[in-house]
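No value in this document is a laboratory result; all are computed from the given coordinates. Bear in mind that the values here come from a model prediction, so they are computed numbers and not experimental data. Positions of Cβ are backbone-derived with ideal geometry, glycine not excepted, and every protein chain shown enters the neighbour counts.
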Amino acid sequence: MTRYINFAKRYKKIVALFSMVFIVLGISLGFSTIAKDTAVKSDNWSIENPTIKLFGTPPAGEKITERKDQDLPHLRTMFSKTFENEDGTYSQESFFTPINYQDENDSWQPIDSKIVRSDDPTFDYMNETNIFKTYFTTDPFGNKQNVKYQIGDAWMTFRTLSEVSLRPSIEEGLSLISNTSSTDSQLVIQDLKFADLKKEFTKKRTRKLLGLWERYAPKTQELGHIPSNQKNTLRYGKILEISQGETIDIDYSIKPLNLLEEIILNTPQNIGSFSQEVLLNNSYAKKEGESIGFYNKKTDEKIWTLPKPVMYEYFERWNEDIKNPSRFENFGLHYEMECKNTDIEIQECNNLIISKVIDEEGKTWLADQ
């Protein structure tokens with residue numbers, strides 16, 4: 001069946017390929033209801049009854065979830081906040097996902113996913129008001145890894161793009177690397193290494209001053225920036241332009257439980273895989289079925305995971321089968337992982353190459369307009 005896409009909004013599919021989920025919590029929080037007396041537990045915390053618990057009567061005409069007065073900081077937990085009522089009783093509000101994180105003084109503070117300017121001179125932007133910490137540089141092809149993800153004393157840094165593989169069938173429209181020894185001829189590119197990606201990214205942001213001198217002078221929107229309507233997202237716009245009009249954006253969105261990477265294709269594109277170089281500190285990786293788990297080297301505790309990758313359409317449209325709007329997910333892709341030094345075992349490796357490889361099923365789905 002041919003799928004309908006609203007071309008007024010243009011073709012736009014997002015490939016969510018590098019979603020890092022904080023999993024020390026030990027359970028999946030994707031449920032919508034829970035029995036009244038069910039206990040939710042892990043080695044680190046427990047909620048005996050994860051619903052709103054009333055220890056008193058809230059002010060007349062006011063629901064607990066709508067209270068605007070300050071909760072009591074010393075009674076906060078990762079999943080709850082507590083209020084003192086006018087009659088001296090208390091009301092506790094509990095949630096299925098974390099609402100508070102512990103700061104450097106082990107005090108519970110409200111989670112805030114907003115990305116702000118970094119006070120770490122190595123990075124330009126950061127978010128530290130969460131269960132995990134995230135840092136970004138504005139230039140994805142600078143002299144250092146441009147993203148850092150940290151939980152406690154373990155972290156990983158990685159490049160948004162280290163290599164892109166194009167399908168062998170591409171024979172035209174590629175302008176990423178020109179044969180400088182010839183006049184107007186262009187090479188058919190199969191694999192774009194980091195140097196190739198950086199060269200093209202820099203070339204498109206290099207301008208002539210007074211029509212004479214060339215200078216790398218990118219505009220704000222041509223580097224990593226925060227969209228005006230998404231304070232929890234950092235966007236690398238047009239990080240890759242395969243040909244005129246065939247561009248790729250990459251978004252990083254911070255949420256209470258994960259850092260989500262979304263690779264946005266604005267047109268059907270013949271991509272075979274995306275690869276990223278990952279540097280690990282006090283952590284190691286392990287392939288686990290269709291996901292990748294990361295463990296603390298000192299404790300062997302699993303601290304985060306890359307879940308199974310998925311592709312989906314950017315705009316929702318009506319799905320006749322389920323009688324609801326849908327983004328029409330597709331799982332036609334998988335992870336491949338190797339150590340940059342092939343002589344070292346994966347679990348001993350601190351420098352990984354992680355690739356998201358699009359299978360034939362996924363390529364067909366991407367090409368289906």
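Simple spin-label model, 7 Å along Cα-to-Cβ: Thr220 to Glu329 in nm?
So the two model labels end up 3.6 nm from each other.
Set the bar at 30 Å for Cα to Cα. Now go through Lys68/Lys308; Lys114/Lys363; Lys231/Lys356; Lys148/Lys199 and name every pair that lies beyond it. Kindly include the intermediate steps, with their values, before the conclusion.
Working: Lys68/Lys308 39 Å; Lys114/Lys363 35 Å; Lys231/Lys356 27 Å; Lys148/Lys199 23 Å.
Over 30 Å apart, Cα to Cα: Lys68/Lys308; Lys114/Lys363.
Could you give the spread of the C-alpha atoms of segment 260-369 along their three principal axes, from largest to smallest, in whole angstroms?
So the extents along the principal axes, rounded to whole Å, are 50, 28, 21.
Counting other Cβ atoms within 10 Å of each Cβ, which GluC sites (Glu not before Pro) in segment 191-226 have at most 10 and sit in a DSSP loop?
none
Among all the aspartates and glutamates, which ones have a C-alpha under 15 Å from Lys193's C-alpha, if same-chain residues fewer than 8 places away are not counted?
Result set, ordered by chain and number: Glu163, Glu241, Glu277.
Quick check: net charge around Phe194, other residues with Cβ under 9 Å of its Cβ, Lys/Arg +1 and Asp/Glu -1?
0
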